[in-house]
Protein chains: 2
Amino acid sequence: MPAKKYVSSSVIRRLPRYYRFLAELQKEGINKISSGDMSARMKLTASQIRQDLNCYGGFGQQGYGYNVSELRREIGEIIGVEKKLKAIIVGAGNLGRAMTIHFDSSKNGCELIGIFDINLQLEGINIAGVEVRHMSKLGAFCDKEKPEIAVLCIPKESAGTVSETLISCGVKAFWNFSSYDIHLHYDDIIVENVHLADSLLTLAYSVNNDKGRDDDI
Amino acid sequence: MPAKKYVSSSVIRRLPRYYRFLAELQKEGINKISSGDMSARMKLTASQIRQDLNCYGGFGQQGYGYNVSELRREIGEIIGVEKKLKAIIVGAGNLGRAMTIHFDSSKNGCELIGIFDINLQLEGINIAGVEVRHMSKLGAFCDKEKPEIAVLCIPKESAGTVSETLISCGVKAFWNFSSYDIHLHYDDIIVENVHLADSLLTLAYSVNNDKGRDDDI
C-alpha cells in the first residue's frame, strides 16, 4: 500500500528502529508478535506502533499480530534497503574509516564506491576494500560514477567548498558529520546531520540532572 | 530558576542544539536575538523555542529578546558543560579514536581519563594525550579513578560483559555505540545510544522517497 502523503520525521526515524528490532526477533526465532508485546520490548506505546505502521498501510491482522519476517521485509522495502545507493566518504581519518563499517553489509541501503582525502600519503591505500583517492580527483570521479550520497567526515571549515563541489557534480544527499549547515545553503538537498557533540552533551545533561531517558532505544 | 519537575526528552535533546546555535551567533558578533529570529534560523517555531526555554524558567524579556551570551551561559550551566564528568573510552579502534575528539575541549561536559582495548599491541600507545590500557586493567582502573561515563566503541558481542564490569565498578552512564541494549538489563543506568546504522537508513529512506527533512538541524 502506498505511504500517506505526509509522514512525520518522527515516524520516519522510527522505521530503522523497527527494522533493527524485527531482526532481533528473527534471531530469537520469534515469528509473530502483537503490538502489545512490541510495545513492551521497544518502549513505545502499542497505539504509537499501530499509528506508525498505519502510515504505510498497516500490516497487522486484528487479533493475530504482526508476522515478524514479513513486516521486516516490508519495512526494508519502504526504506529501500536493497537499493544500494552509491555513496562516497570524504575524509579518511578515524571517523571516515569507522564509518566504512556501515557500508560493509547489504543491510544499510548504500554501497561505498569511493573514499577521498586531502592527505597525499593516504592516496592509494585500501580501506574496507575501497581505494582512497586524493581530493583533487573528487570532481572527475563524481562526474563519472555519479554517487548519490556523500559522507562528510571532514572539518567544518572545509565542508562548505567540498559540499559545493559535490552538489555541482550531482550528489543529492549528505550524511553529515561535519557540523557545517549544508541545509542552510541548499534547499533541495537531503541532509542527515549527525551531531555527536550534541549527543555527548545530552548524556552530560542526563548525568548532571540524574535523569534517565526511555525514549531512545 | 529551577527546572520543571518533568522536562521531555525532546526538549532536553534540543538544549545542545541551542547551545551550539548560540555559539554560532556569538562568533557572528550577534548579542541579542528575538525568538522570531531564532525561529527562522533554527527552523523551530518561536512558540516552541519559548516553551523549551520556559521549562527552565525562561530567559527572554518581552519585546527585547534573548541576550545571546547570557542565554548560552545559562544553557551551558543547565547542561553542566563545566562539570567535566570523568569518562573512559572502551575500544581504541577507528571509532574509539574518532570519539576522542569530543573530549578535546572543555565544551562537552566530559573529561577523557582513560582508553581501553583488548588488543595487546595497542597497550601503552597514546591517543589524544591519553594512554591506551589493556582491558584486563579496566576493573582496577575504575575502582581507583571512578569514571562516571563509559563510551562503548566495541562490538555488540562483548558489550554485555564489559558493561557489567563497568556498572559493578560504579559507572553510571554510557555513550553507547555498540548496539547492545544496556537499558534492557539495568533500569537505573543512563544510556545515550548512538545508532549510526539507523541514521544511515533514515538517509536512505529520504533519498529513496525523495523526502527532505527540516527537523534535524
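The values are calculated or read from the model by the stated rules, or taken from the named source; none is laboratory data. Remember, predicted model here, so these are calculated numbers, not experimental data. For neighbour counting, all protein chains shown are included, and Cβ atoms are generated from backbone atoms with ideal geometry for every residue, glycine included. Accessible surface is based on the protein model in full, side chains and every heavy atom, while ligands, DNA and RNA are left aside. Shrake-Rupley method; radii C 1.70, N 1.55, O 1.52, S 1.80 Å.
A cut-off under 13 angstrom between Cβ atoms defines the neighbours of B:ILE149, and their net charge, with Lys, Arg +1 and Asp, Glu -1, is +1.
For the range B:1-124, the alpha carbon convex hull comes to 134 Å³ per residue, rounded to a whole number.
What does the charge dipole of the range A:99-217 about its Cα centre add up to, to the nearest 20 debye, if the Cβ of each Lys and Arg holds +1 and the Cβ of each Asp and Glu holds -1? Let's see the in-between values first.
Numbers: 9 positive and 19 negative charges, 52 e Å.
Dipole about the Cα centre, nearest 20: 260 debye.
Among residues other than B:TYR66 with Cβ under 11 Å from its Cβ, the summed charge is 0 (Lys and Arg +1, Asp and Glu -1).
In a reduced charge model with +1 at each Lys and Arg Cβ and -1 at each Asp and Glu Cβ, chain A shows a dipole moment near 580 debye about its Cα centre. Beyond 42 Å, what share of the Cα-Cα pairs of the protein assembly as shown remains, rounded to the nearest whole percent? I get 13 percent for the Cα pairs in the protein assembly as shown exceeding 42 Å. Counted by Cβ distance under 15 Å from B:LEU120, the other residues give a net charge of -1, where Lys and Arg count +1 and Asp and Glu count -1.
Here the accessible area is traced with a 1.4 Å probe on the protein chains. For the protein assembly as shown, carbon and sulfur cover 47 percent of it.
Selection among B:PHE59, B:TYR19, B:LEU112 by position relative to the dipole of the range B:13-133 gives B:PHE59 as farthest towards the positive end (Cβ unit charges, Cα centre).
For peptide B:10-18, the mean count of partner chain Cβ atoms within 10 Å of a residue's Cβ comes to 4.
Close amide H contacts of A:TYR66 (hydrogens built in the peptide plane, cut-off under 5 Å, sequence separation of 5 or more or a different chain): A:ILE33, A:SER34, A:SER35.
The contact residues of the range B:106-132, meaning those that lose at least 10 Å² of 1.4 Å-probe accessible area when all protein chains sit together rather than their chain alone, are B:ASN108, B:CYS110. Label-point spacing for A:SER136 across the identical copies (point 7 Å from Cα in the Cβ direction), in nm and ascending order: 4.9.
With the radius of gyration and the Kirkwood radius both derived from the Cα set of the range B:54-210, what is their ratio Rg to Rh?
Working: Rg = 18.5 Å, Rh = 17.5 Å.
With Rh from the inverse mean 1/r over Cα pairs, Rg/Rh is 1.06.
The same position A:GLY63 in the other copies lies at 6.6 nm from this copy, comparing label points 7 Å beyond Cα toward the beta-carbon, shortest first.
For the protein assembly as shown, a simple Cβ point-charge model (Lys and Arg +1, Asp and Glu -1, everything else neutral) yields a dipole of about 620 debye relative to the Cα centre.
When N counts the residues of the range B:130-217, how does its alpha-carbon radius of gyration compare numerically with 2.2 N^0.38 Å, as a ratio? Please report the intermediate quantities before stating the final value.
On the way: Rg = 16.5 Å, N = 88, 2.2 N^0.38 = 12.1 Å.
Scaled against compact globular proteins, the figure is 1.37.
In nanometers and ordered shortest first, the copy-to-copy spacing of the B:ALA23 label point, defined 7 Å from Cα toward Cβ, is 3.2.
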